[in-house]
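> Let me begin by handing over the structure; questions about it come next.
The values are calculated or read from the model by the stated rules, or taken from the named source; none is laboratory data. Given the structure is predicted, the values throughout are model-derived calculations rather than measurements. FYI the Cβ positions are ideal-geometry reconstructions off the backbone, even for glycines, and counts take in every protein chain you see.
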């Protein structure tokens, strides 16, 4: 099996989907000749032509809006928004139309499209290039919200998202693009959307994370094992919405304690929904309140101060210790 | 370094064929068969009579708020008449006359305006998008449909509708720009009815015409007398033929007037004068077209009466629709219901009484009516 980083793994998923199905199109800013600013769509235009890999004019609303039209016609567009921070300029198309067309037309139309966006911090980037906005999309009925945590699941999830009949918002952590290589099978592979995975088994505490924060949670689990002799379970959500509540409840019934980690600001973020779901399903098993380790409720802080804002291993370890000591 | 004058071609045509005094430019008169002219008139009258009926239904609380068409029948029908069934129509929210022509059953539209999403479901063989309410956001969809048709090699044209207010929205400009760059078969039909709720055209744009905005995107733009169905038809025919031939998109500005309210929750006396409305009533698209048909001996007898009967039957069918089953709100969220949504559905099923038997009556109107809507039913 070849070892690929996440950029190459995503590229492989796109290539195979386009090879298999002539209805799959890629559009966005700089996705063609340039192969995308992160090179995720590298070489696709050369292989599939400029009608299928479209260097669109620079306008997020029309990228998503025209893709909605293509999807209404029966195509399967995969859009790239260059950075998730620019997606507010197409948020109305996503909320008003991507998410609603199935309901508005009572099933006559559906929107089988994927919107890929690089998200998240830790890459020394400017404002609008470092934020995490998954909570906005996870809140919208009719959308699915997916965030992979490594090359292999990124490839399998993107393949699943492209074949999904509903609109999928697909966030790619910039911090993970070149972070690690994994063995990725050449034959096509998908994992079902809406299913979390146990990234590490444990019994004392459940750490819940997704995207770039899975790595942080796993490292925190190492520290807890090495320094505290505690076995933490780590759950990788993979799909934020629809949320795999069963996986959370099953784990917390076993461990009795949970800490949620995310890069989005804390208030009204995914952590709140996750905590509520654990309360609903595993209240009698809880030994401590569910804690959240998240970015602070402040606007963009600049990368000089980013380290203090985005959850890191010491903060997760501290929250875990407080939860264990409760 | 020179400072020279570039000279982009800047001309906007205005087209009028049959004016409000009945003068006809026979050189420009489209070659339409008598049967087509009758069909056009019939569809325009249906639009007008249904509109008037719907205002009464709304005042009686039998349907909710809607945006009346009155005055814009020629703009809508002159353009929609050029489409074939396999072409696509992308409406905004004031295209009742054109939507009925395109095949939406009257009772379905009534159902839609009575708060039932079932009314917004196009038939499987219908190439029509449902009503889009956020202004101008449907225009990129039209461009995407046209791109997809071109990509598949289908012989299809897309026609998209919007108003003068929509031309201030970013989506309008983005859609025209994408359409120009991609050179797709789409026709943009602006019904410039002079008022975006209370804001007149002169406060909407500093441009002399809306048609000229096309030129900035490298597309042809034409302004037509939007109350002259022959002129609208001629301009649309040309644009549709051009799109079909692979020669790209067109913007048509139909200069018309909203004779009625913006929606049934609106009171236009607050922002415009009776004299202005009376002046536009003199230019009523139906009056001049009727006179034209009369002169050509093409007017059908009792057409209004037959249309009223058709509307009355549709209203009866609408009112015998089954009451809304709340559980169906979960049917079309995703292809497959996620576990938590399934649980929400089950909780509702346990909470809600079984759907009442068909009584032939619609459920009572919303307890919080829009302004101008009565709570009680007749």
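One line per residue, one yes/no per condition, for (1) surrounded by fewer than 21 Cβ atoms within 10 Å (Cβ to Cβ); (2) in contact with a strand residue (DSSP E or B) (Cβ under 9 Å, 6 or more places away or on another chain):
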{"site": "B:16", "(1), (2)": "yes, yes"}
{"site": "B:20", "(1), (2)": "yes, yes"}
{"site": "B:31", "(1), (2)": "yes, no"}
{"site": "B:34", "(1), (2)": "yes, no"}
{"site": "B:38", "(1), (2)": "yes, no"}
{"site": "B:60", "(1), (2)": "yes, no"}
{"site": "B:67", "(1), (2)": "no, no"}
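> Can you tell me which residue in region A:196-209 is nearest to the other protein chains (Cβ to nearest Cβ), limited to those that are part of a loop (DSSP other than H, G, I, E, B) and surrounded by 15 or more Cβ atoms within 10 Å (Cβ to Cβ)?
Kept after step one, since they are part of a loop (DSSP other than H, G, I, E, B), are these residues of region A:196-209: A:196, A:201-204.
Keeping just the survivors that are surrounded by 15 or more Cβ atoms within 10 Å (Cβ to Cβ) gives A:196, A:202, A:204.
Values: A:196: 12, A:202: 25, A:204: 27 Å.
Checked region A:196-209; the qualifying residue nearest to the other protein chains (Cβ to nearest Cβ) is A:196.
> Would you mind stating whether residue A:78 is under 24 Å from residue A:5 (Cα atoms), within 14 Å of another protein chain (Cβ to nearest Cβ) and not in a helix (DSSP H, G or I)? Let's see the steps before the verdict.
Numbers: under 24 Å from residue A:5 (Cα atoms): yes; within 14 Å of another protein chain (Cβ to nearest Cβ): yes; not in a helix (DSSP H, G or I): yes.
Taking the combined requirement at face value, the residue satisfies it.
> Check A:246, A:312 and return the single one that is in contact (Cβ under 8 Å) with a residue 40 or more places away in the chain and surrounded by fewer than 22 Cβ atoms within 10 Å (Cβ to Cβ). Walk me through it before giving the result.
Values: A:246 fails: in contact (Cβ under 8 Å) with a residue 40 or more places away in the chain.
Criteria check complete, one pass: A:312.
> Kindly indicate which of A:219, A:227 is in a helix (DSSP H, G or I), more than 15 Å from residue A:261 (Cα to Cα) and not assigned by TED's automatic domain parsing to the domain that holds residue A:15.
Values: A:219 fails: more than 15 Å from residue A:261 (Cα to Cα).
Only one candidate passes the filter, namely A:227.
> Hey, can you tell me all the residues within region B:143-156 that are surrounded by fewer than 24 Cβ atoms within 10 Å (Cβ to Cβ) and in contact with a helix residue (DSSP H, G or I) (Cβ under 6 Å, 6 or more places away or on another chain)? Steps first, answer last, please.
Within region B:143-156, the subset surrounded by fewer than 24 Cβ atoms within 10 Å (Cβ to Cβ) is B:150-156.
Scanning region B:143-156 gives a single hit, B:156.
> Please find, within region A:138-161, the residue that is surrounded by the fewest Cβ atoms within 10 Å (Cβ to Cβ) out of those that are touching a strand residue (DSSP E or B) at 6+ places or on another chain (Cβ under 7 Å) and within 14 Å of chain B (Cβ to nearest Cβ).
Filtering region A:138-161 for residues that are touching a strand residue (DSSP E or B) at 6+ places or on another chain (Cβ under 7 Å) and within 14 Å of chain B (Cβ to nearest Cβ), the one surrounded by the fewest Cβ atoms within 10 Å (Cβ to Cβ) comes out as A:138.
> What is the residue count in region B:289-305 for residues that are over 23 Å from residue B:72 (Cβ atoms) and either in contact with a strand residue (DSSP E or B) (Cβ under 6 Å, 6 or more places away or on another chain) or not in a loop (DSSP other than H, G, I, E, B) (or both)?
Here the count works out to 2.
> Inspect all residues belonging to region A:288-297 and state whether any of them is surrounded by fewer than 17 Cβ atoms within 10 Å (Cβ to Cβ), in the same structural domain as residue A:204 (by TED's automatic domain parsing) and closer than 19 Å to residue A:257 by Cβ. First the steps, then the outcome.
Keep residues of region A:288-297 that are surrounded by fewer than 17 Cβ atoms within 10 Å (Cβ to Cβ), which gives A:288-289, A:296-297.
After this cut, where a residue has to be in the same structural domain as residue A:204 (by TED's automatic domain parsing) as well, the list is A:288-289, A:296-297.
Now restrict to residues that are closer than 19 Å to residue A:257 by Cβ: A:288-289.
Yes, region A:288-297 has at least one match.
> Of the residues A:31, A:40, A:26, only one is in contact (Cβ under 8 Å) with a residue 12 or more places away in the chain, touching a strand residue (DSSP E or B) at 6+ places or on another chain (Cβ under 6 Å) and either facing chain B (nearest Cβ under 8 Å) or in a loop (DSSP other than H, G, I, E, B) (or both); which? It would help to see each step written out before you state the result.
Values: A:40 fails: touching a strand residue (DSSP E or B) at 6+ places or on another chain (Cβ under 6 Å); A:26 fails: either facing chain B (nearest Cβ under 8 Å) or in a loop (DSSP other than H, G, I, E, B) (or both).
Of the residues listed, the single one that is in contact (Cβ under 8 Å) with a residue 12 or more places away in the chain, touching a strand residue (DSSP E or B) at 6+ places or on another chain (Cβ under 6 Å) and either facing chain B (nearest Cβ under 8 Å) or in a loop (DSSP other than H, G, I, E, B) (or both) is A:31.
> Return the residue satisfying two criteria in turn: it lies in region B:210-251 and is surrounded by fewer than 20 Cβ atoms within 10 Å (Cβ to Cβ) and closer than 14 Å to residue B:15 by Cβ, and of such residues it is farthest from the chain's Cα centre (by Cα).
My answer is B:220.
> Continuing with this model, one more query. Would you be able to tell me the number of residues in region A:219-232 that are touching a strand residue (DSSP E or B) at 6+ places or on another chain (Cβ under 6 Å) and surrounded by fewer than 24 Cβ atoms within 10 Å (Cβ to Cβ)?
First pass over region A:219-232, keeping only residues touching a strand residue (DSSP E or B) at 6+ places or on another chain (Cβ under 6 Å): A:221, A:224, A:232.
From what is left, the residues that are surrounded by fewer than 24 Cβ atoms within 10 Å (Cβ to Cβ) are A:224.
Selection size over region A:219-232: 1.
> Out of the residues in region B:329-349 that are part of a helix (DSSP H, G or I) and within 20 Å of residue A:97 (Cα to Cα), which is farthest from the other protein chains (Cβ to nearest Cβ)? It would help to see each step written out before you state the result.
Of the residues in region B:329-349, the ones part of a helix (DSSP H, G or I) are B:329-330, B:339-349.
If we keep only those that are within 20 Å of residue A:97 (Cα to Cα) too, we end up with B:329-330.
Values: B:329: 8, B:330: 10 Å.
So the residue we want is B:330.
> Residues of region B:92-144 being assigned to a helix (DSSP H, G or I), more than 13 Å from chain A (Cβ to nearest Cβ) and either at pLDDT below 95 or in contact with a strand residue (DSSP E or B) (Cβ under 8 Å, 6 or more places away or on another chain) (or both), which ones?
So in region B:92-144, the residues assigned to a helix (DSSP H, G or I) come out as B:96-101, B:106-113, B:117-120, B:139-144.
Checking the rest, the ones that are also more than 13 Å from chain A (Cβ to nearest Cβ) come to B:96-101, B:106-107, B:109-110, B:113.
Listed by number, the residues that qualify are B:98, B:99.
> To continue, here is another question. Please go through region A:271-281 and pick out each residue that is under 20 Å from the mean Cα position of the chain (by Cα) and over 16 Å from residue A:319 (Cβ atoms). Walk me through it before giving the result.
Filtering region A:271-281 down to residues under 20 Å from the mean Cα position of the chain (by Cα) leaves A:271-275, A:277.
The answer is A:273, A:277.
> Can you spot a residue in region B:310-319 that is modelled with pLDDT of 95 or more and under 28 Å from residue B:20 (Cα atoms)?
Residues of region B:310-319 that are modelled with pLDDT of 95 or more, as a first pass: B:310-319.
If we keep only those that are under 28 Å from residue B:20 (Cα atoms) as well, we get none.
No, region B:310-319 contains no residue that is modelled with pLDDT of 95 or more and under 28 Å from residue B:20 (Cα atoms).
> Taking the criterion of being buried (at least 20 other Cβ atoms within 10 Å of the Cβ), away from every other protein chain (no Cβ under 14 Å) and in contact (Cβ under 8 Å) with a residue 12 or more places away in the chain, would at least one residue in region A:55-72 satisfy it? Break it down into steps so the answer makes sense when it comes.
Applying the first criterion (buried (at least 20 other Cβ atoms within 10 Å of the Cβ)) to region A:55-72 yields A:56, A:59-72.
Subset that is away from every other protein chain (no Cβ under 14 Å): none.
The answer is no, given that none of the residues of region A:55-72 is buried (at least 20 other Cβ atoms within 10 Å of the Cβ), away from every other protein chain (no Cβ under 14 Å) and in contact (Cβ under 8 Å) with a residue 12 or more places away in the chain.
> Looking only at region A:93-106, how many residues end up being touching a helix residue (DSSP H, G or I) at 6+ places or on another chain (Cβ under 7 Å), within 8 Å of chain B (Cβ to nearest Cβ) and closer than 21 Å to residue B:169 by Cα?
2
> Of all residues being assigned to a helix (DSSP H, G or I) and free of Cβ contacts under 8 Å to residues at least 12 places away in the same chain in region B:145-169, which is farthest from the other protein chains (Cβ to nearest Cβ)? Just the residue, please. Don't jump to the end; show me each part of the working.
The initial filter retains those residues of region B:145-169 that are assigned to a helix (DSSP H, G or I), namely B:145-152, B:165-168.
Subsequent filtering for residues that are free of Cβ contacts under 8 Å to residues at least 12 places away in the same chain retains B:148, B:151-152.
Values: B:148: 3, B:151: 6, B:152: 8 Å.
This residue is B:152.
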